[in-house]
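Take a look at the structure set out below.
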């Protein structure tokens, strides 16, 4: 039986096409995997370097705060930067960016019967107290502390409990004199409320 050369060449052509397609696929697949691994390795190296830089910055800030001590230096801007760096460091370490304290009842830990209860509708601008930045204010709000009046009633025991809950530096609240400043700000609010002229002035500046 005679088989023509043309009949043989057709399946060979199909086989060659299949082999070429398979080789091209394998080259593309392997190349893509290698490229992705290289990109991932570079990304991890960059993140690791960023984490190390952030840790060094935090250590430097801690040393700076220790050197200043006892409220001699106005540390409120450094507080905000320090808190921000701690948040970024947790993010790069694949942890939660903000430690959510809400959705937990702290009434059995903090004596709200003594310091009073408040809500977001009663909220004062706690950042007027030097040493309280946006991050710290948010944590206090999550604990249920919104007003100058509440802070003005804090005892030594309350301060120790709050320091632990918000993971603050020991004696920081005491050294920054939160209670004394809260008392002054509370009195100022009462004076403004009793003086019609101050009240009108206050209304104008809040819009």
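What residue, of 102, 87, is assigned to a helix (DSSP H, G or I) and modelled with pLDDT under 70?
The unique qualifying residue is 87.
Quick one: count up the residues across the stretch 165-197 that are farther than 21 Å from residue 117 by Cβ and within 27 Å of the chain's Cα centre (by Cα).
Here the count works out to 11.
Identify, from the list 140, 154, the residue that is at pLDDT 90 or above, assigned to a helix (DSSP H, G or I), within 17 Å of residue 116 (Cα to Cα) and under 27 Å from the mean Cα position of the chain (by Cα).
140
Only residues in the stretch 29-50 that are touching a residue at least 40 places away in the same chain (Cβ under 8 Å) count as the first member; pair them with residues that are surrounded by 10 or more Cβ atoms within 10 Å (Cβ to Cβ), Cβ under 6 angstrom, at least 6 apart or cross-chain, and list the lot.
Matching pairs, first to second residue: 47/92; 50/92.
Being modelled with pLDDT of 85 or more and either surrounded by fewer than 13 Cβ atoms within 10 Å (Cβ to Cβ) or more than 21 Å from residue 149 (Cβ to Cβ) (or both) is the filter here; which residues of the stretch 181-207 pass it?
187, 190, 191, listed by residue number.
Please state which one of 166, 132 is in contact with a helix residue (DSSP H, G or I) (Cβ under 9 Å, 6 or more places away or on another chain), at pLDDT 90 or above and within 26 Å of residue 62 (Cα to Cα).
132
Among 23, 12, which is the only one that is at pLDDT 75 or above, assigned to a helix (DSSP H, G or I) and over 45 Å from the mean Cα position of the chain (by Cα)?
When all the criteria are applied, what remains is 23.
May I ask you to list the residues in the stretch 120-129 that are farther than 13 Å from residue 178 by Cα and either part of a helix (DSSP H, G or I) or at pLDDT below 90 (or both)?
120, 121, 122 - these are the residues of the stretch 120-129 that are farther than 13 Å from residue 178 by Cα and either part of a helix (DSSP H, G or I) or at pLDDT below 90 (or both).
The values are calculated or read from the model by the stated rules, or taken from the named source; none is laboratory data. Everything numeric here is computed off the predicted structure, so don't read it as measured data. Virtual Cβ from ideal backbone geometry, glycine too; neighbours counted across all protein chains shown.
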